[in-house]
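The values are calculated or read from the model by the stated rules, or taken from the named source; none is laboratory data. What you are looking at is a predicted structure, and each value in this text was computed from that prediction instead of being measured. All Cβ positions, even for glycine, are placed from backbone atoms using ideal geometry, and neighbour counts span all protein chains on display.
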Amino acid sequence: MENNLPCRALREVLDCGGPPPLSRPGFEMKTRRRAATVRDAGALAWRFSFVMVLLLTGCVTPPHPQIQRESNSFPAEARITQRGVLTVLGRQFPLNGYLALSAAGGRRLIVTENFGGVLADVLVKPDGTVHVMRSSRAFKSNWIRRYLAADLECLFGTATKPDCPGQRLSPTHFRMERRWYQLDLQIVEIKPGPQAPDLFDTTKAEKP
């Protein structure tokens, strides 16, 4: 009988499917807490990864509103006088703009300060090519080509531009809101009629 005791004990263990079940209240509570902690940590890691992906792809930042300009908003041939306020790094600069529109010649914009000094002069041909006719210390050639010409096409171009962040406050009032600056622009006067061909002559550009 004594020799059968180990075997009987072994059979009892095997019949139960293994060691006695771990059903002690303290151990079960710790196991549940550990599982919940692991589960919460996994969910937190997933959320963190998702947010990082959104940040890297730029999806968290809401898209800027785009200017919706109606087709044929302005005459194909006209001279337009503008007043604007350019805000850069919190500083405001009042500007005047004189725009000549021609179906054949393109769009010629001359920007001046209040005292009449020319700050920028740019010509955009009908095919979209940009010609800097004159630059200044305040408006460098690269800035005119990259931003001023782009804003000109957003507001007065013949084709819809994909990147025109801002608002159309009225048919004659616009606000451009790019990363580096804001431009509040109002149209003062529109004079329809043919424009002088010399205004669209690229050979009259300022020599570098």
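Residues in region 91-122 that are of a type in the set (Gly, Ala, Ser) and free of Cβ contacts under 8 Å to residues at least 60 places away in the same chain: how many? If you could, list the steps in order and put the result at the bottom.
Here is the first cut: in region 91-122, the ones of a type in the set (Gly, Ala, Ser) are 97, 100, 102-106, 116-117, 120.
Then drop every residue that is not free of Cβ contacts under 8 Å to residues at least 60 places away in the same chain, which leaves 103, 116-117, 120.
Residues flagged as of a type in the set (Gly, Ala, Ser) and free of Cβ contacts under 8 Å to residues at least 60 places away in the same chain within region 91-122 amount to 4.
Every condition in (1) touching a residue at least 60 places away in the same chain (Cβ under 8 Å); (2) part of a loop (DSSP other than H, G, I, E, B) is met by Cys154 except one, and the failing one is (2). For Lys207, state whether it is of a type in the set (Lys, Arg), surrounded by fewer than 12 Cβ atoms within 10 Å (Cβ to Cβ) and at pLDDT below 95. In short, yes.
Within region 128-135, is even one residue buried (at least 16 other Cβ atoms within 10 Å of the Cβ) and in a loop (DSSP other than H, G, I, E, B)? Can you show your working first?
Here is the first cut: in region 128-135, the ones buried (at least 16 other Cβ atoms within 10 Å of the Cβ) are 130-135.
Among the residues that remain, those that are also in a loop (DSSP other than H, G, I, E, B) are: 135.
Yes, because at least one residue in region 128-135 is buried (at least 16 other Cβ atoms within 10 Å of the Cβ) and in a loop (DSSP other than H, G, I, E, B).
So is Arg175 free of Cβ contacts under 8 Å to residues at least 24 places away in the same chain, in a strand (DSSP E or B) and basic (Lys, Arg) or not? It is true that Arg175 is free of Cβ contacts under 8 Å to residues at least 24 places away in the same chain, in a strand (DSSP E or B) and basic (Lys, Arg). Within region 186-208, residues that are at positive phi reach partners that are small (Gly, Ala, Ser) and surrounded by 11 or more Cβ atoms within 10 Å (Cβ to Cβ) with beta carbons closer than 9 Å, at six or more positions or on different chains, in the pairs Gly193/Ala78. Exactly one residue among Leu123, Leu119, Leu155, Leu183 is within 16 Å of Tyr98 (Cα to Cα), crowded, with 19+ Cβ neighbours inside 10 Å and at pLDDT below 95, and that residue is Leu155.
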